[in-house]
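The values are calculated or read from the model by the stated rules, or taken from the named source; none is laboratory data. As the structure is a prediction and not an experimental result, all values here were calculated from the model. Virtual Cβ from ideal backbone geometry, glycine too; neighbours counted across all protein chains shown.
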Amino acid sequence: MNADFRSDFPIFNAPENKDLIYFDNAATTQRPRHVIDAVKNFYEKSNANPLRGLYALSSQATELYENARGTVASFINAAAEEIIFTRNASESLNLVAYTWGMQNVREGDEIAVTVMEHHSNILPWQMVCAAKNAKLVFLDCDKATGEIPLSELNKINERTKLVAATYVSNVLGITNHVKEIAETAHKNGAVVVVDGAQAIPHFKVDVQAIGADFFAFSGHKMCAPMGIGVLYGRRELLEAMPPFLRGGEMIEYVTKEGATWAELPHKFEAGTVNAAGAVGLGAAIDYINSIGFDEIIRRDHELTTLFMEEMRRIPHVHVVGHPNPLRHCGIVTFMVDGVHPHDIATVLDEEHIAIRAGHHCAQPLGAHLGVPSTARASLYFYNTEDEVRRFAEKLASVRKWMGYGN
Ligand code: C6P
């Protein structure tokens, strides 16, 4: 079954990648033929500057671009005008910080984030807090399991203006209870920003059900092209926010003195948009829907369970985070006694195995757990059991490569 998925991805058919084990899917996934063809077709048949031209080709480009927005909206249970196309999750989070954050946060207020946030969901809030003389508060996680105890939610109070939480940690793979976080935030009058970058590729997201006011993700972590991302925002909030970037196509009317803004979502999409990227994202969603999240979750569970079983059998290897593979969303971070994670990645690269090593852009989490640098394998549904076994065999020899006796 999984061999079929793999053959959907041309990169694995390239002769130079025949034996490639690609376990860096949390950094970026590979692209299926369906997505590559959608982008190619756009440029070969429908390319023009969308939203401007008064001719057929531009209208066609506009239609494809707006159809992709509709596809994204139904994928996460939102309305089309609540979907803003950005470059990536980082830009989506910055958009909220520079607009809602700078407009609403005042001196003495608090912003709460979890300790496991990616830097993209910490630095924008540090910026707002510094500009407004507000306080950044961290919700800590359990050092053994990575779970955020519900008692940490007591740090959210009437001073809290915004809570920013990742749905799934890019280091621990743990899924946070964002619905409970949102309920607590709303009870205290705060808005909730969910970083969905690592969740959206792995399970069905419903922004209404979790109570997200804003939800950010990147296309490239879910089989879509790089350079296209999404910010979902609740309509009333988006309407009250000032634009982030100013320029072409985001205005209603401009005079020498000032301007009025276009309707949602275009108020937040200044300049020529990434139409081919949006079309590619729409195609990626169609592809993921054709597989179905039941199957994706089943593959995640099977592969991660096998992966962690194999890890447990190798002496000197330690998995970071939850002992239950079903709590990992395909992400397994680990250490090997006496070997720096960069050396692990370099030795494995010699064997044509791609993993990530370092701080994973989550340094506050590394400091909290006391492990500033780790190695990370991240799997997706097109990986195979055979790859996991070959990976374990190579990992078992890493210490020998580094000169240890066993
Ligand atoms: N994490 C990883 O290897 P961008 O770069 O904007 O597409 O995504 C940023 C981002 C935001 N939130 C989470 C939870 C993420 O995991 C990432 C990106 C990659 O873990 C690259 S550092």
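Some observations on this one:
- The set of residues from the stretch 90-112 being β-branched (Val, Ile, Thr), surrounded by fewer than 24 Cβ atoms within 10 Å (Cβ to Cβ) and under 27 Å from residue 150 (Cα atoms) comprises just one member, 105.
- The stretch 182-200, residues that are away from the ligand (no atom under 15 Å from the Cβ) and either hydrophobic (A, V, I, L, M, F, W, C) or in a helix (DSSP H, G or I) (or both): 182, 183, 184, 185, 186, 187, 190, 191, 192
- Residue pairs meeting the criteria (Cβ under 6 Å; at least 6 apart or on separate chains; first under 25 Å from residue 189 (Cα atoms) and touching a residue at least 24 places away in the same chain (Cβ under 8 Å), in the stretch 213-230; second acidic (Asp, Glu) and within 8 Å of the ligand (Cβ to nearest atom)): 216/195
- In the stretch 294-406, counting only helices (runs of 4 or more DSSP H) that sit wholly within it, the ones holding 1 or more residues that are within 26 Å of the chain's Cα centre (by Cα) and within 16 Å of the ligand (Cβ to nearest atom) span 341-350, 363-369.
- Taken over the stretch 323-338, the residue count meeting the criterion of being surrounded by fewer than 21 Cβ atoms within 10 Å (Cβ to Cβ) and in contact (Cβ under 8 Å) with a residue 24 or more places away in the chain is 6.
Here is a yes/no grid of residues against (1) polar (S, T, N, Q); (2) modelled with pLDDT of 95 or more; (3) farther than 30 Å from residue 304 by Cβ:
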site	(1), (2), (3)
14	no, yes, no
24	no, yes, no
37	no, yes, yes
50	no, yes, yes
59	yes, yes, yes
64	no, yes, yes
69	no, yes, yes
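- Filtered by the rule that a residue be under 19 Å from residue 288 (Cα atoms) and of a type in the set (D, E, K, R), the stretch 18-35 gives 24, 31, 33.
- Residues that are part of a loop (DSSP other than H, G, I, E, B) and away from the ligand (no atom under 16 Å from the Cβ) were ranked within the stretch 148-176; the one that is farthest from residue 93 (Cα to Cα) is 149.
- Here residue 109 fulfils each of the conditions (1) under 30 Å from residue 188 (Cα atoms); (2) free of Cβ contacts under 8 Å to residues at least 24 places away in the same chain; (3) among the acidic types (Asp, Glu) apart from (2).
- All strands (runs of 3 or more DSSP E) inside the stretch 201-279 with 3 or more residues being away from the ligand (no atom under 16 Å from the Cβ) and surrounded by fewer than 23 Cβ atoms within 10 Å (Cβ to Cβ): 251-254, 259-261
- Residues located in the stretch 52-68, provided they are assigned to a loop (DSSP other than H, G, I, E, B) and free of Cβ contacts under 8 Å to residues at least 12 places away in the same chain: 53, 54, 55
- Under the condition of being within 16 Å of the ligand (Cβ to nearest atom), of a type in the set (A, V, I, L, M) and either within 16 Å of residue 241 (Cα to Cα) or without any contact (Cβ under 8 Å) to a residue 24 or more places away in the chain (or both), the residues counted in the stretch 74-97 number 5.
- Pair list, Cβ under 6 Å, 6 or more apart: the stretch 37-51 residue free of Cβ contacts under 8 Å to residues at least 40 places away in the same chain, other residue assigned to a helix (DSSP H, G or I) and exposed (fewer than 15 other Cβ atoms within 10 Å of the Cβ): 48/57
- Considering residues of the stretch 12-36 that are charged (D, E, K, R) and in contact (Cβ under 8 Å) with a residue 40 or more places away in the chain only, the residue surrounded by the fewest Cβ atoms within 10 Å (Cβ to Cβ): 19
- Condition met for residue 101 (away from the ligand (no atom under 13 Å from the Cβ), in contact with a strand residue (DSSP E or B) (Cβ under 7 Å, 6 or more places away or on another chain) and either in contact (Cβ under 8 Å) with a residue 24 or more places away in the chain or within 15 Å of residue 284 (Cβ to Cβ) (or both)): yes
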